[in-house]
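Below is one structure, written out as structure tokens, with a few remarks after it.
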Amino acid sequence: MHEALEPFPIKSVNAPLFSIRSLDYTYPDQSPALTNINLDIAAGERIALVGQNGSGKTTLIKQLCGLLQPIGGEVMYKREPLRGDHLERSRLEIGLLFQDPDDQLFCHTLLDDAAFGPRQKGVCRQDAEAAALNALNLVSLSDMAYKGPHNLSFGQKKRAALAGLLAMNPDVLLLDEPTANLDPRQEQLFMDLLGRYQGTLICISHDLIFLYELCNRAVVLDKGHLQHDYTIKELVSQRNELKAHGLDFSFRLIVTAPDSQESCSPEPVGGSQHHNGKASTITAADSTITAADDTPLVDLKDYNYRYPDGTQALGGIDLSITAGERISIVGENGAGKTTLLSCLLGLRQGSGLFCLEGKQVTGRDRKKLWQKMGMVFQDCADQLFCSSVEEEVRFGLIQLGCSKAEINRRVEQALAMVHLEGFKKRVPLHMSGGERKRLALASVLAMRPRLLILDEPTAGLDPRGEALLLEIIKDLDVTLLLVSHDMFFVRELTTRTLVMHQGKILEDLPVHSFMNDTRLGNLNGLSYTCREQSSSAIRMLQHEHEHSHLHNHLHTHQHRHGEVEHDHFHEHLHEHNHRFIHHHPGDQQQHDHIPSRYHDHDHPGHHSEEHDHH
Amino acid sequence: MSDVTSITMPLWQLPVIILLPIASVAALMALLRRISLIQSAPEEERDWSVPPFDDGAGTSLLHTWDVRCKIVTILIHSFVVASLIHLKPAICAVALSLTILAISRVSLVKVVMRLVAITGFISMFLIIMPFSAPIHHGDTVLIFGNMGWASFNLRGVLLAVTIAAKAVAITLLMEPLLSTAPLPVTLYGLSRLGVPEMVSQMVLLSYRYLHVFRHEASRMSSGMKVRGFRKQSDMATLHAVANFLGMLFVRSFERTERVFDAMRARGYRGSFPDPVELSLRGRDLILTGVWLTAATLLILFDRILL
């Protein structure tokens, strides 16, 4: 956190809808969550609430809807404190979208769920159902009104949860990571819906590109303190501020030159390309994997899988992975990506040829696949169950039958690889999202898998966590299979992309070809390029900003000399802002400002200054 | 016990008598399970924009019956069936249940799955009771070879079959009870009958989140498997399973808090909105009367005529 702890000036807004004064809140364990928060929010504002994991964002929006009560200070809504009857009434006007939609869909069917809010408002059943159907229609789920929430995909659940709020016609929408783990199509749907929303909107997200499109004001929290309150454009354009708060996502905006893309492109699909042109001997941790011949590490031929109820999940999968390759799998939610991973890990058994290192995987071999393949799950809570970090990393090594000395050595190495040195005695449950993700990675890396599988590694991470994870994964010399909707990670980490759709691999092509092929995005409903426009705008903002400095200008403008007002060319020295479009070669390095001499600027008190008359 | 009829049979017939029924029941159940799986596979996605037929929008007598009458009647009928002593009335009860199944037009696949679920329970009775039933006057027992200590009492078989018939008769009624109205409506009916509303809400939420917890447990189990965990009978397994259960409990507890928060945030103040408006009609009472009369006839048949 940078030094900026003077009392934060409250941005004045006309007739604030929310007024927060000196808000303090501590968690039950007495650790401070929010300290001296002062904030006014006007009706109709669209606010991005940003900050690192653990900065107090979720706690703040829970205060805004009265789920938590302040320890000190006051939260006012419509000029009344959020307490008692006013709180009960206000909750019906303030909609809170939770991060996990399963938390929010507690009724038997989508219709019941969407109608729950209106019924609580006292609307009769018929009208409530009409409002619910209308809201479901808005989120394109009216054709599933009588379906149980547990039968929906994640994206559908997320939209259904939003429908439950929209049916209440709320004045305020509080959104906690609305687009986390969504595929681009679902994300775009959310963007369209929220873009049309007319009320006050307060959105928490680590995705600043999404926030840039959605919001116009940004509030930055850091360790429970309100650090900044400015426009979203100001937020994204100030890299140093972003960096100070762990929010610098600018690494995502770097445009790789076409030459360098070509240089990391693989050989024709199925070839024995190795990451960054390294030699054919690659290492996972310090183990040596030698791709001595052309035998693929994994080879699937006409592989099929049906769920127990008979539904075809995978059909005719042909996939060859050579040791050292870095492959990404993309596709919409439900395309069969996770099922394919389950088959590779031996958790599911399909039909067809499955060879590992040239040897066909039989029933008995399937149970030993874990020794050669490791996977980091999308939700790392699914694979962290031990009471300490050390125990977590040791778990797999004990199953492998390693000696104690070997286990200790590998634990140290794995934790060092993911920058978790000194965390051995920590409880995984109490660690931040980014630390837990790295711990999950360490627990897999310690086992030195031949194939490392990462399922949505960036889910729920803040930009600093993402950048660190990217750096760690880039440094790994391992055969990689990455499943992600995050096109930046796909581009940065892999050289070959498999496009999956309805249980089939539609395309298998070099990553740069995939990136340049908009047809593929449209083919399976994924618009991977939709964020490019915002990214370009932010890139411009980050390089177009004001510098204030003293300089001379020979120029003309209206000014006064006592009673006389006139304009003429003259030269004088004064300080004013210049807006420049330029490149920053490095944070602290010198850089040039392209001359931009013709611009408007103020001359306060200029009539009393001396200047030449030409 | 001179009036006990003992029939001595060769020892080799013992496994035939025991294993053959077990194998037959197992094969039948496997077949039913297979059929139910195939039948339940979605050939094409049903239209979820309209209320499903077996979730309360059906037109059968049971679908349109007042849920309170339905619950009371079926529960009373189930108690009556459970109290039957003789096989013939129990078989009549099965026939009555089958008739109700036909009238209610519920999913046969679900009925079969319910029957499969009680197979183990029934099989245990069919195997154990013939050997464990005390020998009374007039009983007929089969003795295999020299194994006089393991006599096969035919009265035990009769008793087991009677219990099985009663269990099947009651199980067959569960689908008409639970699938002819949405669960919230059934639970609402229960609360209108005096069951505390909090209990109904807890059942409703448990049903909703059972799937979520099952998925979480399944994902965590996969997370352990991919790191080599295999269950063994040792302390390490015990330790890992304890960690697993502890973590599942923590996650479930945290989710419970979040769900409650989500409910409060949408205006929950202790009660769910009524899912329907219940009104008692004459035909509901007539149907209740007819059914309870049938139940009374069953008990009369059992206790007086036999």
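What to note about this one:
- Shielding by other protein chains, A:144-151, mean Cβ within 10 Å: 5
- With the simple spin-label model, which puts each label point 7 Å out from Cα in the Cβ direction, the B:Arg34 to B:Arg46 separation comes to 2.5 nm.
- The percentage of C-alpha pairs in segment B:197-265 whose separation is greater than 16 Å is 58%.
- The label-point distance for B:Asp274 and B:Leu248, in a model that sets each label 7 Å from Cα toward Cβ, rounds to 4.0 nm.
- Distant-in-sequence amide H partners of A:Leu96 (H built 1.01 Å from N, under 5 Å): A:Leu174
- For chain B, modelled as a GNM whose springs connect Cα atoms under 10 angstrom apart, the maximal fluctuation among B:Thr99, B:Thr180, B:Thr73 occurs at B:Thr99.
- Within chain B, the percentage of alpha carbon pairs spaced more than 23 angstrom apart rounds to 71%.
- Calculated [222 nm] ellipticity per residue, helices only, for chain B: -23000 deg cm²/dmol; basis is -39500 (n - 2.57) per DSSP H run with n ≥ 4, divided by all residues, nearest 500.
- Loop-resident sites, segment A:363-467, for GluC sites (Glu not before Pro), counting at most 15 other Cβ within 10 Å (DSSP): A:Glu421
- Karplus-based coupling profile of segment A:51-56, in residue order and whole Hz: x, 5, 4, x, 7, x, with θ = phi - 60° in 6.51 cos²θ - 1.76 cosθ + 1.60 and x standing for Gly or Pro.
- Reachable lysines from A:Lys121, criterion Cα separation under 21 angstrom, eight or more residues apart if same chain: A:Lys62, A:Lys78
- Helix B:87-104 and the long axis of chain B differ in direction by around 30°, with both axes built from C-alpha atoms.
- Other protein chain Cβ atoms within 10 Å, averaged over every residue that makes up A:310-316: 1
- Alpha-carbon Rg with Dmax, taken over segment A:357-435, Å: 14.5, 43
- Cβ neighbours within 10 Å from other chains - mean over B:223-235: 6
- Using 0.36 nm per residue and subtracting the Cα-Cα separation, the extra length available between A:Ala416 and A:His150 on full extension is 91.8 nm.
- For segment A:16-253, relative contact order (Cα pairs under 8 Å, six or more residues apart, normalised by length) works out to 26 percent.
- With 23 Å as the limit on Cα-Cα distance, the pairs of A:Lys147/A:Lys437; A:Lys158/B:Lys110; A:Lys157/A:Lys372; A:Lys157/A:Lys243; B:Lys88/B:Lys110; A:Lys337/A:Lys372 that go past it are A:Lys147/A:Lys437; A:Lys158/B:Lys110; A:Lys157/A:Lys372; A:Lys157/A:Lys243; B:Lys88/B:Lys110.
- Amide H within-cut-off set for A:Leu221, under 5 Å, with H built and near neighbours excluded: A:Val50, A:Gly51, A:Gln227
- The calculated FRET efficiency for B:Tyr207 paired with A:Asp365, based on their beta-carbon distance and R0 = 30 Å, is about 0.15.
- Cα-based convex hull volume of segment A:16-253 per residue, rounded to whole Å³: 122
- In plain terms, the bigger the Kirkwood radius, the slower the diffusion; for segment A:281-427, with that radius from Cα pairs, at 25 °C and 0.890 mPa s, Stokes-Einstein puts D at 141 µm²/s.
- Local charge for B:Met129 was computed over the other residues whose Cβ lies under 15 Å away, with Lys and Arg +1 and Asp and Glu -1, and equals +1.
- Sites A:Ala43 and B:Val241, calculated FRET efficiency, Cβ-Cβ separation with R0 56 Å, nearest 0.05: 0.55
- Taking 0.36 nm per residue of sequence separation and removing the Cα-Cα distance, the B:Leu300/B:Leu193 pair yields an extension gain of 35.7 nm.
- Around the amide H of A:Val361, modelled in the peptide plane, lie the amide H atoms of A:Phe354, A:Cys355, A:Leu356, all under 5 Å away and 5 or more residues distant in sequence or on another chain.
- A protection proxy built from the mean count of other Cβ atoms within 10 Å ranks the segments B:160-171, B:294-305, most packed first, as B:160-171, B:294-305.
- Hull-based mean projected area of segment A:109-243, where the convex hull spans the alpha carbons, in square nanometres: 9.2
The numbers here are math on the coordinates, done by the rules we state, and not lab data. Predicted, not measured: the structure shown is a model, and the values here were computed from it. Here the Cβ is made from the backbone with ideal geometry for all residues, glycine too, and neighbour counts use every protein chain on show.
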